[in-house]
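Right, one structure below, let's go through it.
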Amino acid sequence: MNHRGFTLLEVLVVAAVLLILAALVTAAVVSSRERADGTRCASNLRQLSGANLLYAADHDGWYVPAQEPLNLVRWHGARKRIEIKFDPELGPLAPYLGTDGRVQLCPTLRHILHGAKSFEDGTGGYGYNAAYIGGSIGDPFTPARIASIPRPAQTVMFTDTAFPRVDGLQEYAYAEPRFSENPVGRFRNGLSASVHFRHGGLANVAWCDGHVTSEEPRTIDQKNLYGGDAKKWHIGWFGPSDQNGPWRP
């Protein structure tokens with residue numbers, strides 16, 4: 001009985017088909033993981049904004065301060081000495097963040113975070129609107145009150161953030177607006193961007209009423225003051241730039 005074997009061409013065709021199928025499956029798995037990570041990140045932000053609202057309810061309507069004068073306490077953690085890292089389980093929001101008592105790390109950021117000199121461990125990859133919510137113009141240590149925010153659904157509370165440095169991408173505690181503002185309302189120096197568009201070109205944003213959205217970049221920054229490549233890491237701003245856009249109540 002004559003058994004005909006496969007020709008070289010047929011083997012190559014089958015191999016090519018298998019490679020294409022494997023590539024399609026891999027792409028589908030990656031896409032599914034990215035969607036799941038984005039959803040988990042949004043859930044983290046929803047928990048974080050909810051914790052801040054609960055904190056405010058227990059503190060006469062005052063949002064959590066972004067920082068305190070000695071730089072031993074920030075919204076995401078506390079430390080006993082200036083030269084050591086913040087402990088996220090000692091932060092002022094810890095009692096409102098469930099059984100873990102800490103901000104959960106964005107799963108998307110976990111895949112790309114690298115570099116050994118991070119100074120913001122414990123933020124989860126999220127930044128606070130310290131200029132207008134966690135602090136006040138002319139007083140970075142006094143936060144805003146819920147009653148002072150006329151448009152909470154249109155005012156940024158937290159966003160996806162990161163800080164590019166020459167040696168890697170780090171966590172960063174603050175969602176910086178485009179410009180600094182002096183006490184009489186004049187906008188001055190441009191600031192380095194920190195909003196990280198890491199979810200397929202989008203950034204998750206928690207607003208002051210607690211809802212979460214995904215926002216497209218309006219502008220991608222270039223280099224920051226520390227030589228970090230913001231453009232490479234898709235770091236910039238969303239929303240209009242006039243009057244600091246959605247950052248400013």
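Among the residues of the stretch 63-92, the one identified as without any contact (Cβ under 8 Å) to a residue 12 or more places away in the chain and among the acidic types (D, E) is E83.
Going by the structure shown, is R178 buried (at least 19 other Cβ atoms within 10 Å of the Cβ) and of a type in the set (D, E, K, R)? Walk me through it before giving the result.
On the way: buried (at least 19 other Cβ atoms within 10 Å of the Cβ): yes; of a type in the set (D, E, K, R): yes.
Here the answer is yes, as R178 does meet what is asked.
Hey, does the stretch 151-158 have a residue that's modelled with pLDDT under 95, part of a loop (DSSP other than H, G, I, E, B) and not charged (D, E, K, R)? Can you show your working first?
Filtering the stretch 151-158 down to residues modelled with pLDDT under 95 leaves none.
The answer is no; no qualifying residue exists.
Just so you know, in the stretch 69-87 the residues that are touching an Asp or Glu at 6+ places or on another chain (Cβ under 7 Å) and of a type outside the set (F, W, Y) include one that is nearest to E120 (Cα to Cα), and it is K85. For beta carbons closer than 7 Å, sequence separation of 6+ or different chains, a first residue in the stretch 95-109 that is farther than 14 Å from G77 by Cβ and a second that is among the basic types (K, R) and outside any loop (DSSP other than H, G, I, E, B), the qualifying pairs are P107/R40. For the condition hydrophobic (A, V, I, L, M, F, W, C) and either closer than 16 Å to A130 by Cβ or in contact with a helix residue (DSSP H, G or I) (Cβ under 9 Å, 6 or more places away or on another chain) (or both), what is the one hit in A153, A230, A203, A162? On inspection, the qualifying residue turns out to be A162. Close contacts from the stretch 34-62, counting a first residue that is closer than 21 Å to A203 by Cα and a second that is of a type in the set (D, E, K, R), with Cβ to Cβ under 7 Å and a gap of 6+ residues or different chains, come to C41/D160. Number of residues in the stretch 133-162 that are crowded, with 24+ Cβ neighbours inside 10 Å and over 20 Å from V73 (Cβ atoms): the value is 4. Scanning the stretch 204-217 for residues that are part of a loop (DSSP other than H, G, I, E, B) and under 16 Å from the mean Cα position of the chain (by Cα) yields C208, G210, H211, E216, P217. Applying the criterion of being within 18 Å of L109 (Cα to Cα) and small (G, A, S) to the residues of the stretch 198-246, the residue that is surrounded by the most Cβ atoms within 10 Å (Cβ to Cβ) is A206.
The values are calculated or read from the model by the stated rules, or taken from the named source; none is laboratory data. Bear in mind the structure is a predicted one, so any value in this text is a computation, not a measurement. Reconstructed Cβ throughout: ideal geometry from the backbone, glycine too, with neighbour counts over all protein chains shown.
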